[in-house]
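Q: Structure below; questions to follow.
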Amino acid sequence: MHSYFSDLAAAVCTPLPGAERVTLYFSAEASDFIRFNHAQVRQATHVEQRYGTVSVVAGRKRASSNISLGGDLAADTSALLAERAALLEQLPLVPDDAYLLLPDAVVDTARSATGTLPTPEQLIAAVAAHAAGSDLVGFYAGGSMVRAFANSRGQRNWHSVESFHFDWCLYRERDQAVKCSYAGTDWHTPEFARRVAEARTRLALLALPPKTLAPGAYRAYFSPVAVAELLGTLAWGGFGLKDLKTGTSTLLLAHQGKATLSPLVTLTEATADGIAPRFQPDGFTKPDAVPLVHAGQVAASLTAPRSAVEYGVPTNGSGDGESPESLSMAPGTLPEAEVLQTLGTGVFISNLHYLNYSDRQACRMTGMTRFACFWVEDGQIVAPIAVMRFDDSFLRMFGPGLVALTNHAELVPAEGTYGARQLQSVSAPGAVVEGFVLAL
């Protein structure tokens, strides 16, 4: 694949009369998708797809076109050259873009991370062996993903990773199920077996008489997956420079000194540790890490090239949306084995869903508790709880409300597969929070 892209780039990204710069952004994947029902295969497929975006630039004018590619080098080169020729004709008609910014420096990068992924046969055998007799309903997506960039100034960036994401539920009855996931770059069947066994244990707890909680404030433990869901919502408008400058950032109160996160909270756009590329479609490269919150104090913002022009500051290679792609919350010191003891009496939250902001200015979030959430008394799980809606401020929960973070952070890749598998991820520990507000 790397040589295929190099040959495409060499043919397409050449100096042209009428254009100061030609760029090519490339994305591809070769993925297995397998659905399970009753721990048996319901649907299995394999997808290979490639896309190329060619752009021509002159002054502040840019014209771009994205096409699908078939993998035949000669045919794909011919198709991209035809798009390039059409764009050159259209370029004089394109209006100037006042915020267009492209990199001056030529910075090459290359990352090829080969993972250890199960073959479909190995995955199916593992499910059959360890989930037999259960109603496992799940979806596996795994394989290689590529992003690459080239321009006519000689810059070349290459990013290839192999990863997997297996999301499943062990279903009991009615709306009762335990939701689990296993994701990463290296598959280990014993770890999958451990997670299935743990889910079976929690599934049995769902048979206990359920407890209905009255609306109010409760001490709560959020699993790493639940924390990642909260951070995923915070990533929507919490870290971008444009949101901050226009007064719509959900962390605006923290930037104004009117709210303070706990000193336990450190958030980083950790590009070097994630699975997302360290370059964006215009060719700007990203630093290994951008500190977003350090020991409770808000730090840098994600700055896209267009915001850099608008506000007269340097870009740090963020995408146009200025959302983190490799958001990482630093772990704390609480051993996982001491979670229930530290929680004492309160709510154990495995999953959240339907998250959204209820008040962006106050960074208030709302959503629902989901699968396998329990009531805990004196460090012991005693009952599953009925589904509840919460409404609370992230700044309060992870500010004065934060009690402890676990000493292990879990990588939670984006599970979206609309159009293509995603490369974003969140790394998060579990968290014990005081005063979590269940609204109804």
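Q: How many nm is it between the label spots at Ala58 and Glu434, if each spot is 7 Å from the Cα in line with the beta carbon?
A: Each label point lies 7 Å from its Cα, and together they span 6.7 nm.
Q: What do the square roots of 5 times the Cα gyration tensor eigenvalues come to for the stretch 91-241, in whole Å, largest first, as semi-axes of the equivalent ellipsoid? The partial results should precede the final answer.
A: Numbers: eigenvalues 360, 130, 33 Å².
Sorted largest first and rounded, they come to 42, 25, 13 Å.
Q: Residues in the stretch 407-440, backbone N under 17 Å from the label point at Met368 (7 Å along the Cα-to-beta-carbon vector): list them, ranges by number please.
A: So the set is 438-440.
Q: Suppose R0 equals 35 Å. What FRET efficiency, 1/(1 + (r/R0)^6) with r the Cβ-Cβ distance, do Val47 and Thr333 give to the nearest 0.05? If you can, show how the numbers build up before the last one.
A: Working: r = 43 Å, r/R0 = 1.22.
The formula returns an efficiency of 0.25 here.
Q: Run the dipole for the stretch 288-436 about the Cα centre, Lys and Arg Cβ at +1, Asp and Glu Cβ at -1, nothing else charged, and hand back the magnitude in debye, nearest 20.
A: It comes to approximately 300 debye.
Q: Please calculate the 1.4 Å probe accessible area of Arg306, with all protein chains present, and give it to the nearest 10 Å².
A: 90 Å²
Q: A further question on this structure: Counting Lys +1, Arg +1, Asp -1, Glu -1, what net charge surrounds Val196 among other residues with beta carbon under 15 Å of its beta carbon? Write down the numbers at each step before the final one.
A: Details: positive: Arg172, Lys179, Arg194, Arg195, Arg200, Arg202; negative: Asp135, Asp167, Glu191, Glu198.
Result for the local shell: +2.
Q: Near Ile67, within a Cβ-to-Cβ distance under 13 Å, what is the net charge of the other residues, with Lys and Arg +1 and Asp and Glu -1? Spell out each step's value before the answer.
A: Values: positive: Arg50, Arg84; negative: Asp76, Glu83.
Residues close to Ile67 contribute a combined charge of 0.
Q: Provide the per-residue ³J(HN,Hα) series for the stretch 406-418, in order, calculated from phi with Karplus coefficients 6.51, -1.76, 1.60 and θ = phi - 60°, each as a whole number of Hz, with x at glycine and proline positions.
A: Each residue's phi maps through the Karplus curve to give 6, 8, 9, 9, 10, 7, 10, x, 4, 9, x, 10, 5 Hz.
Q: Can you give the extra length, in nm with one decimal, that the chain gains between Leu81 and Leu93 once fully stretched, where that is 0.36 nm per residue apart less the Cα-Cα distance?
A: On the way: separation 12, 0.36 × 12 = 4.32 nm, distance 1.96 nm.
Stretched out fully, the Leu81 to Leu93 stretch lengthens by 2.4 nm.
Q: Please report the relative contact order for the stretch 117-252, taking Cα pairs under 8 Å with a sequence separation of at least 6, and give it as a percent rounded to a whole number. Please list the in-between numbers first.
A: Numbers: 136 pairs, mean separation 23.3, N = 136.
Taking the mean separation of contacting Cα pairs over the length of the stretch 117-252, I get 17 percent.
Q: Students sometimes get this wrong: rank Lys179, Lys211 by accessible area, probe 1.4 Å, all chains present, largest first.
A: Correct descending sequence by accessible area is Lys211, Lys179.
Q: Sticking with this one: Could you give the length gained on full extension between Glu20 and Thr246, defined as 0.36 nm per residue of separation minus the Cα-Cα distance, in nm? Write down the numbers at each step before the final one.
A: Values: separation 226, 0.36 × 226 = 81.36 nm, distance 3.32 nm.
Separation in residues times 0.36 nm, less the Cα-Cα distance, equals 78.0 nm.
Q: Right, something else. Projected onto the charge dipole of the chain (+1 at Lys/Arg Cβ, -1 at Asp/Glu Cβ, origin at the Cα centre), which of Ala183, Phe374, Val412 gives the Cα projection farthest towards the positive end?
A: Result: Phe374.
Q: Continuing with the same structure: List the lysines whose Cα lies under 23 Å from the Cα of Lys258, skipping any in the same chain that are fewer than 8 positions away.
A: Result set, ordered by chain and number: Lys242, Lys245.
Q: Please report the Cα spread of the chain along all three principal axes, rounded to whole Å, starting with the longest.
A: 75, 55, 32
Q: Could you tell me which of rounded, prolate or oblate describes the stretch 37-81, using a ≥ b ≥ c as the square roots of the eigenvalues of the alpha-carbon gyration tensor, with rounded for a/c under 1.5 and, failing that, prolate when a/b is larger than b/c and oblate otherwise? Mind showing how you got there, number by number?
A: Details: a/c = 8.00, a/b = 2.42, b/c = 3.30.
Oblate, since a/c reaches 1.5 and b/c is not below a/b.
Q: With Cβ to Cβ distances under 11 Å as the rule, what net charge do the other residues near Val107 carry (K, R +1; D, E -1)? Write down the numbers at each step before the final one.
A: Working: positive: Arg153, Arg156, Arg278, Lys286; negative: Asp104, Asp108.
Counting the neighbours of Val107, the net charge comes to +2.
Q: Give the Cα extents of the stretch 252-357 along the principal axes, in whole Å, largest first.
A: Here the spans come out as 52, 34, 29 Å, largest first.
Q: Over the chain, with every protein chain in place, what whole percent of the accessible area is carbon and sulfur at 1.4 Å, could you tell me? Intermediate values should be presented prior to the final figure.
A: Details: 9910 of 18790 Å².
In the chain, the share of accessible area belonging to carbon and sulfur is 53 percent.
Q: Let me ask you something else. Using alpha carbon centroids, what distance separates the stretch 346-377 and the stretch 1-17, in Å?
A: That distance is 48 Å.
Q: Could you provide, to the nearest whole Å², the per residue accessible area of the chain with probe 1.4 Å? Intermediate results must be reported in sequence, preceding the final value.
A: Working: 18790 Å² over 440 residues.
Ligands and nucleic acids excluded, the result is 43 Å² per residue.
Q: Now for a separate question. Please give the residues of the stretch 113-147, grouped as numeric ranges, whose backbone N is less than 17 Å from a label point set 7 Å along the Cα-to-Cβ vector of Ala207.
A: 132-136, by backbone N distance to the label point.
The values are calculated or read from the model by the stated rules, or taken from the named source; none is laboratory data. What you see is a predicted model; the values in this text were computed from it and never measured. Quick reminder, even Gly has a Cβ in these numbers, built from the backbone with ideal geometry, and neighbours come from all protein chains shown. Side chains included, ligands, DNA and RNA excluded: accessible areas come from the protein's heavy atoms. Shrake-Rupley method; radii C 1.70, N 1.55, O 1.52, S 1.80 Å.
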